[in-house]
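Take a look at the structure below.
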Amino acid sequence: MSLLFANAQETQAPVKTTAKDTISKGVIPKKAAVANQPTIVPKKDSIIVPVKTDRYGIRLGIDLFKLSRSFYDKDYTGLELVGDYRLDKKHYLAAEVGNENKTTDDERLNFTTKGSYVKVGFDYNGYENWLDMENIISIGLRYGFSTFNQELNTYKIYNSNNYFGETPPLASGQKFNGLTASWIEVVAGMKAKVFNNVFMGFSLRFNRLISNKEPDNFENLYIPGFNRTYNGDFGVGFNYSITYFVPIFKKKVVPVDTKKVTKKK
Amino acid sequence: MKKTILFLFILCFSFSSCEKDDICDENTITTPRLVITFYDYNNSSVEKNVTNLTIIADGMEEKAVTFNGSTLINGSTVSIPLKIDAEMTTYRFILNFGSTNTAAPVNEDIIQFNYSTENIFVSRACGFKTNYTLNPTNPFVYSDPSVPLSKWMRLVEVKNSIIANENETHLAIYF
């Protein structure tokens, strides 16, 4: 029954023809008409559909990538909590909160970054779910803010003339406190319900710095939440989340909505 | 939805163009060398070419400084590195290196440079660089190890005590 509804949603034309056919077949003995009855019904979908409801609530979870990396990467500990709240059929209020402690060991520099961040924004679900599925393929925006400190552990002097030979890395231990940065993130993500109210999700993020309080005689080469910085203020990131959906209330799906969607296609 | 996907693609490509900061660009100004220009003592505004000058740092045995691919300098300018892990570098300036001609004998002068260093952050790929400031009261000590031969340098003068790039002369030697 509901499968039929799905078909109806997909294309309007076949529904009409089915309806016509049944009407022309109206002469056929009653028994046959009864057999055909279910096919007639899609003419007005709101009649057959056992009222479809969307569930609204809060989804809370954790970034599995940061969590697992904390175990296998001795230079990294991090935690990110993720959450979203459904605003309407397609929009979600979304946020991430995290803390990172990362030592970056580069060719010429070794430094430790510690700090926390918060990202707030929204997701737009562009995926049209069938039946009672609650999957999400979304695009969204976040505003990110991080407060952190950096410690330069060792560094090397670049000398294009190596007459005296390459000097070993110099120990620094210099600390840069009270650093902040803010940025905008474009998020492309998906979440799939694996069972009950548990969702697995993946998101890819492109970041661009808005503000960046840099230390004297050093740079914010890594910003918690933003990740590694590149020359042009850009960054990339991703997360791999597992979330639990806490339903709060249900809303009926208004048929008008469905029609709109059909038109769009 | 299509528009957003297209937007993401454009974003992806714009990222690929700005990645390249793992290799220190040769054009980046990193640790500078001390730039020396030689002038004619009798006409102090005219640069004068040295002949077969070899410059060897104290403690480097016979390993000479290479400038423009050669250890024998015949132009009117030369750049020499200063030690980044010390505040003093001593160089032997050997004119007419390897010469057997008595008219132009081998002549060695010694200059000890005194300076302070400052390590400045450049970039992720380059790390830091060292800039130098020649000691304001005692920038160099000029001496001659061989008494019988007089010093070939007749006047040594600091032109720029701050050594932060190689575009300017830091030391002028008149001979």
Fewest-first ordering of A:TYR158, A:TYR143 by Cβ atoms within 10 Å yields A:TYR143, A:TYR158
When B:CYS126, B:CYS24 are arranged by how many other beta-carbons sit within 10 Å of their Cβ, fewest first, they go B:CYS24, B:CYS126
So the FRET efficiency between A:ASN162 and A:PHE202, C-beta based with R0 = 56 Å and rounded to 0.05, is 0.75
quick note, chain B, DSSP beta bridge pairs, % antiparallel (nearest 5) is 90 percent
To the nearest 20 debye, region B:23-174 has a Cα-centred charge dipole, built from +1 on Lys and Arg Cβ and -1 on Asp and Glu Cβ, of 80 debye
Ranked from fewest to most other Cβ atoms within 10 Å of their own Cβ, B:LEU82, A:LEU131, A:LEU152 fall in the order A:LEU131, A:LEU152, B:LEU82
Volume per residue (Å³) of the convex hull spanned by the alpha carbons of region A:103-173 is 159 Å³
For region A:69-80, in residue order, the Karplus 3J(HN,Hα) values (coefficients 6.51, -1.76, 1.60; θ = phi - 60°; whole Hz; Gly and Pro = x) are 4, 4, 8, 9, 9, 5, 8, 9, 9, x, 8, 9
Taking placed amide H atoms and a strict 5 Å upper bound, the residues 5 or more places from B:SER99 or on another chain that come that close are B:VAL106
Once amide hydrogens are built 1.01 Å from N within the peptide plane, the residues lying 5 or more places from A:SER241 or on another chain with amide H under 5 Å from its amide H are A:LEU64, A:GLY201, A:PHE202, A:SER203
In whole Hz, the Karplus estimates of ³J(HN,Hα) for region B:34-41 (6.51, -1.76, 1.60; θ = phi - 60°; x where Gly or Pro) are 7, 9, 10, 10, 9, 10, 6, 5
With Cα coordinates, the longest principal axis of chain B makes an angle with the long axis of helix B:2-17, in degrees rounded to 10, of 10 degrees
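Bear in mind that the values in this text are calculations on the coordinates, not laboratory data. Note that the structure is predicted; figures quoted are calculated from it, not measured. Cβ atoms come from the backbone with ideal geometry, glycine included; neighbour counts cover every protein chain shown.
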